[in-house]
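The values are calculated or read from the model by the stated rules, or taken from the named source; none is laboratory data. Predicted model only: the values in this text are computed from it and were never measured. When we count neighbours, we look across all protein chains shown, and the Cβ atoms used for this are built from the backbone with ideal geometry, even at glycine. Areas reflect the complete protein model, heavy atoms only, side chains present, ligands, DNA and RNA absent. Shrake-Rupley method; radii C 1.70, N 1.55, O 1.52, S 1.80 Å.
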There are 2 protein chains.
Amino acid sequence: MKQSSLCPKFEKGMQLLGKRWTGLILYQLLSGPQRFCAIEEALPISGRLLSERLKDLEKEGLVHRHVYTDSAPVRVEYSLTEKGLALEPVILGIEKWSQAWIELT
Amino acid sequence: MKQSSLCPKFEKGMQLLGKRWTGLILYQLLSGPQRFCAIEEALPISGRLLSERLKDLEKEGLVHRHVYTDSAPVRVEYSLTEKGLALEPVILGIEKWSQAWIELT
DNA sequence: GTAATTAGGTTACATTTTGTTAGTAAGTAT
DNA sequence: ATACTTACTAACAAAATGTAACCTAATTAC
């Protein structure tokens, strides 16, 4: 791997979205705060990876994690931060492009 | 992995962009048709993977491959198809988001 | 009291995908 | 004949992913 003349911010941003599941998880959260199991059911992703991705996204500040300790079993809700929400147009753009251009085999 | 109620077109589109390097390769081609070695130099990607990704993108119809046999050594030029070019706003959107929100550690 | 259930994970391990390095084919230049 | 170039491909190690089983703590069913 060589040096690139790419903007490091852009490179990092692409690395985030260019990771499997990230886009779909963010898309799912666009419809509102959701619990772990709700996201797991909505996407064809396994619990292991969902957990891993949510941890990444939280670390990068795109997703917020809120634990409700009042009820049991514990409920954990994930929601988009301002930074995550700022990706909405991009994600909806991908959705539109897919509708327009992708053909199913 | 479970069933999802996701739109299959969107899922496939995300799968494309959610593959490592795809976004950066398309970004690079936005600046015009380019040769294999030019893309390789512009991005921190190895020849093996660049070759693999370009083959994928060609198969999906986002990229066109043109071989110039007149000169030697052979020149191969890659360019965006209409379908690939249609992703321009999305890719530039990711660039803008990265500039605005990514902080370098 | 014992067993089963639920939510949100984690561990262990097989399979795939990546990254790295070396090598190939066809045609030039020396 | 030897070296050099472009655009790859083969071989193999390292990392990421998919799959299944298990864990903890509280709650309910029997």
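Note that the range A:34-105 carries a Kirkwood radius of 14.0 Å, evaluated over its alpha carbons pair by pair.
Cα centroid separation, the range B:10-47 to the range B:64-86: 14 Å.
Looking at the protein assembly as shown, the accessible area is 54 square angstrom per residue; that uses a 1.4 Å probe and ignores ligands, DNA and RNA.
Using a simple spin-label model with pseudo-atoms 7 Å out from Cα toward Cβ, A:R75 and A:T105 lie 4.3 nm apart. Under conditions of 25 °C and 0.890 mPa s, the range A:15-59 yields 233 µm² s⁻¹ as its translational diffusion coefficient, taking Rh as the Kirkwood radius over Cα pairs in the Stokes-Einstein equation.
Full extension of the chain between A:H66 and A:C37 yields a length gain of 9.0 nm, computed as 0.36 nm times the residue separation minus the alpha carbon distance. Cross-link partners of A:K83 among lysines, defined as those whose alpha carbon lies under 27 angstrom from its own and excluding same-chain residues fewer than eight positions apart: A:K9, A:K12, A:K19, A:K55, A:K59, A:K96, B:K9, B:K12, B:K19, B:K96. Between chain B and chain A, the total buried accessible area stands at approximately 4400 Å², from heavy atoms with a 1.4 Å probe.
Each 5 Å bin from 0 upward holds the following percent of the Cα-Cα pairs of the protein assembly as shown: 1, 7, 14, 18, 18, 15, 11, 7, 4, 3, 1, 1, 0, 0, 0. Surface composition of the range A:34-105: carbon plus sulfur atoms contribute 53% of the solvent-accessible area (1.4 Å probe, protein chains only, all chains present).
Residues of the range B:79-105 that bury at least 30 Å² of accessible area once all protein chains are present, compared with their chain alone (1.4 Å probe, heavy atoms only, ligands and nucleic acids left out), are B:K83, B:A86, B:L87, B:V90, B:I94, B:W97, B:S98, B:Q99, B:W101, B:I102, B:L104. Normalised by the number of residues in chain A, the mean separation of alpha-carbon contacts (under 8 Å, six or more apart) gives a relative contact order of 25 percent.
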